[in-house]
Ligand code: NAP
Ligand code: GLV
């Protein structure tokens, strides 16, 4: 009986060692060296090719190697009985919060403008904006969005959050659902997108909705690239309605070499590194989920197939 691991090739050895160390006697096979498919009981990984999971008749659980599971739902023939778990790891959550803070502070402190002035060799003071007037809004009030907001509170920005279902969060003005989106965006100078990609969130930030942001607003996206319509974001940056964007996730990754984001003066590109899954801290929950899957117990951080997150 075996676990099948499919990770980023750069990480595979780390994951293999971490799982093997914690599960002595359990064979860890590395995709695509599957061996006898009837021996695979648990899959751990990222973006198994559509249709492949159907080929393991004794499969009892699927563990995403990330917090997001949109890569799982790309499979149109995902076995219906299969429980799916995602990573929720305090290390990853804190890592994401730090990336969010880096970019909120970057935009609040007008760092992109000061870098442009530096490139021109110009000593010039821009009119400052008080942090008490810089309204930050976070889309997604789950593990990541909730933690980012808790940390952002220490900076004193007026905060808001938007989620699918109504929430109460200390010190945060909350909005929910379709009806809450326009008022949420209209009061947000720095928008942080930490939503999962689902049929309901794909292309959510299109020209119409991005235009609800106030003039000069900045967009930070670490959720998924497909939340945003690229051309619409670029058009609003070019028109001056939006002031800047910091993007860690893209519709296609790696970002195509000729994509306009690379060279756009108002776009900061990061190669999907805001919060990586770390084997040392995430392995214990995977090992526990392996045990649970075999015992027929509910997995930790189980994904809701209807909601798709
Ligand atoms: P989570 O705990 O499941 O939280 C998701 C949040 O999004 C919830 O508050 C949920 O609302 C809200 N939401 C979902 N669908 C919505 C909709 N249609 N309208 C409004 N709100 C909606 O997820 P998480 O752990 O915070 O992770 C969020 C995403 O971050 C992941 O799915 C992944 O795509 C991304 N991520 C990126 C990186 C990276 O390195 N860039 C790393 C980790 C994760 P409710 O509270 O009402 O359910
Ligand atoms: C990374 O993008 C993740 O979903 O964990």
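Read-outs throughout are calculated quantities, based only on the coordinates presented, and are distinct from any laboratory measurement. Keep in mind the model is a prediction, meaning the values are calculated, not measured. Cβ sites come from the backbone with ideal geometry, for glycine too, and all protein chains shown count toward neighbours.
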(message) Just to confirm the number: angle between the C-alpha axis of helix 12-22 and the first principal axis of the chain, 0 to 90 degrees, nearest 10?
(response) 60 degrees
(message) Based only on Cα atoms, what mean projected area does the convex hull of the chain have, in nm²?
(response) 17.2 nm²
(request) Could you work out how far helix 90-108 tilts from the main Cα principal axis of the chain, as a 0 to 90 degree angle to the nearest 10? (result) 20 degrees
(request) Calculate how steeply helix 143-152 sits against the longest principal axis of the alpha-carbon atoms of the chain, using the helix alpha-carbon long axis, and give the answer as 0 to 90 degrees to the nearest 10. (result) 30 degrees
(request) Grab the Cα-Cα distance for residue 155 and residue 123, subtract it from 0.36 nm times how many residues apart they are, and report the gain in nm with one decimal. (result) 8.8 nm
(request) With springs connecting C-alpha atoms under 10 Å apart, model the chain as a Gaussian network and identify which of 180, 51, 216 has the largest mean-square fluctuation. (result) 51
(message) If packing is taken as the average count of other Cβ atoms within 10 Å, what order do 124-134, 26-36, 275-285 fall into, highest mean first?
(response) 275-285, 26-36, 124-134
(request) Please sort 73-80, 218-225, 88-95 by packing, taking for each peptide the average over its residues of neighbouring beta carbons within 10 angstrom, highest first. (result) 218-225, 88-95, 73-80
(message) Considering all projection directions equally, how large on average is the shadow of the alpha-carbon convex hull of region 90-269, in square nanometres?
(response) 10.6 nm²
(message) Which three extents, in angstrom, do the Cα atoms of region 267-309 have along their principal axes, listed largest first?
(response) 48, 30, 9
(request) Would you calculate, for the chain, the mean residue ellipticity at 222 nm contributed by helices, counting each DSSP H stretch of 4 or more residues as -39,500 (n - 2.57) and dividing by all residues, to the nearest 500? (result) -8500 deg cm²/dmol
(request) In whole angstrom, note down how far apart the Cα centers of region 1-75 and region 278-309 are. (result) 13 Å
(message) Please report the antiparallel percentage of the DSSP beta bridges confined to the chain, to the nearest 5.
(response) 5 percent
(request) Pop a pseudo-label 7 angstrom from the Cα along the beta-carbon direction at both residue 81 and residue 280 and give the gap in nm to one decimal. (result) 3.9 nm
